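In what follows, a single structure is set out as structure tokens and then discussed.
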Amino acid sequence: MKGIKVLLVDDEENFVRTLAERMSMRDAGATVALNGEEALQMVSAGEVPDVMVLDLRMPGIDGMEVLRRVKKAYPQVQVIVLTGHGTEKDEEEARRLGAFEYHKKPVDIDILVRDIRRAFREKIEDAMVAATFAQAGEFDNAREILDEDKK
């Protein structure tokens, strides 16, 4: 998993730091943001992750709003929701907004790492298909593929 930029966003500091350590032991380094505001600041400052693992219930800007803003500004970022308090309605809304995957805490670390890899692979495949269309001069098709998550 080296080379995949992962951002973990959760206000439960002990949990998110432990998760980052466990991922590091699997050669999956991750950056941590302790709230929605910090995550959005990091992304807007150029630290755009390939995959964001996002809690929903946080003080201030909640995870659903972070998801909405990130997918609008950076549709190529894959977002995996990881929440301890989500409902079926939350899952439906997260998926509608473009979440790649939705998990409830606690999640098996191997399942989370597998989904991070899948999300990254899908991101790369979409970029490669778009590049192929762009090389063929089909810029509208390329743009449509890259903007697909905005819909």
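The values are calculated or read from the model by the stated rules, or taken from the named source; none is laboratory data. This one's a predicted model, so the numbers in the text were calculated from it and none came from an experiment. Don't worry about glycine lacking a Cβ; one is built from the backbone with ideal geometry, like all the others, and counts go over all protein chains shown. These area figures cover heavy atoms from the full protein model, side chains too; ligands, DNA and RNA do not enter into them. Shrake-Rupley method; radii C 1.70, N 1.55, O 1.52, S 1.80 Å.
Those residues that are modelled with pLDDT under 95, out of contact with any Gly (no Cβ under 7 Å at 6 or more places or on another chain), assigned to a loop (DSSP other than H, G, I, E, B) and open to solvent by less than 50 Å² (accessible area, probe 1.4 Å), I need them from region 99-119; list them, please.
VAL107
May I ask you to list pairs of residues, at least six apart or on different chains, whose Cβ atoms are under 8 Å apart, with the first in region 56-80 being of a type in the set (Lys, Arg) and the second being outside any loop (DSSP other than H, G, I, E, B) and open to solvent by 60 Å² or more (accessible area, probe 1.4 Å)?
Listed pairs, sorted by first residue: LYS71/LYS150; LYS72/LYS150.
So which residues in region 83-94 are of a type outside the set (Lys, Arg) and in a helix (DSSP H, G or I), if there are any at all?
Hits for region 83-94 are GLU88, ASP90, GLU91, GLU92, GLU93, ALA94.
Yes or no, residue by residue, for (1) over 18 Å from VAL16 (Cα atoms); (2) in a strand (DSSP E or B); (3) open to solvent by 10 Å² or more (accessible area, probe 1.4 Å):
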| residue | (1), (2), (3) |
| --- | --- |
| VAL32 | no, yes, yes |
| GLU38 | no, no, yes |
| LYS72 | yes, no, yes |
| VAL81 | no, yes, no |
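Scan region 47-63 and give yes if some residue there is assigned to a helix (DSSP H, G or I) and open to solvent by 10 Å² or more (accessible area, probe 1.4 Å), otherwise no.
Scanning region 47-63, I find no residue that is assigned to a helix (DSSP H, G or I) and open to solvent by 10 Å² or more (accessible area, probe 1.4 Å), so the answer is no.
Conditions first: (1) at pLDDT 95 or above; (2) within 20 Å of GLU12 (Cβ to Cβ). LYS89 passes all but one, so which condition is the exception?
The single condition LYS89 does not satisfy is (2).
Scan region 1-29 and report the pairs whose first residue is in contact (Cβ under 8 Å) with a residue 12 or more places away in the chain and whose second residue is open to solvent by 50 Å² or more (accessible area, probe 1.4 Å) and part of a strand (DSSP E or B), with Cβ atoms within less than 9 Å and a gap of 6+ or a chain change.
If the second residue must be open to solvent by 50 Å² or more (accessible area, probe 1.4 Å) and part of a strand (DSSP E or B), the pairs left are LYS5/THR31; VAL6/THR31; LEU7/THR31; LEU8/THR31; ALA20/THR31.
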